[in-house]
1. Go through segment 39-75 and give me each residue that's among the β-branched types (V, I, T) and open to solvent by 90 Å² or more (accessible area, probe 1.4 Å).
2. Read through the list (1) small (G, A, S); (2) open to solvent by 70 Å² or more (accessible area, probe 1.4 Å); (3) within 16 Å of the chain's Cα centre (by Cα), then give the number of the only condition that A78 fails.
3. Has segment 31-38 got any residue that is within 14 Å of G68 (Cβ to Cβ) and of a type outside the set (K, R)?
4. Find the residue count for segment 1-57, including only residues that are part of a loop (DSSP other than H, G, I, E, B) and not charged (D, E, K, R).
5. Specify the residue that is surrounded by the fewest Cβ atoms within 10 Å (Cβ to Cβ); the eligible residues are those in segment 1-22 that are touching a residue at least 12 places away in the same chain (Cβ under 8 Å) and over 19 Å from A78 (Cα atoms).
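The values are calculated or read from the model by the stated rules, or taken from the named source; none is laboratory data. In this text the structure is predicted, and so the values were computed from the model without any measurement. Quick reminder, even Gly has a Cβ in these numbers, built from the backbone with ideal geometry, and neighbours come from all protein chains shown. These area figures cover heavy atoms from the full protein model, side chains too; ligands, DNA and RNA do not enter into them. Shrake-Rupley method; radii C 1.70, N 1.55, O 1.52, S 1.80 Å.
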Amino acid sequence: MKPIDEELLASQADKPVVTVEPHNILSGLGGAVAEVLTTRRPQWIERVGIRDHYTKSGDPSTLSEAYGLTPAAVIAAAH
């Protein structure tokens, strides 16, 4: 993600933004995008990913469901 393309983000962010990452949302893609947009083009941002807590190991599809990382969850966040 370094260096993040601030110009590209600002130019493409004319609508609400949803970021999706299959890990903790802290200090990740969503945070980097939020940092850029809060100073360049403030707007609504929804970060989809694992909230700040310890996770478990297991079957990927089961974990995706448990942590809200399914296509349906991403669509719901976008709405």
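1. T39, I75
2. (2)
3. Within segment 31-38, not a single residue is within 14 Å of G68 (Cβ to Cβ) and of a type outside the set (K, R).
4. Residues flagged as part of a loop (DSSP other than H, G, I, E, B) and not charged (D, E, K, R) within segment 1-57 amount to 16.
5. M1
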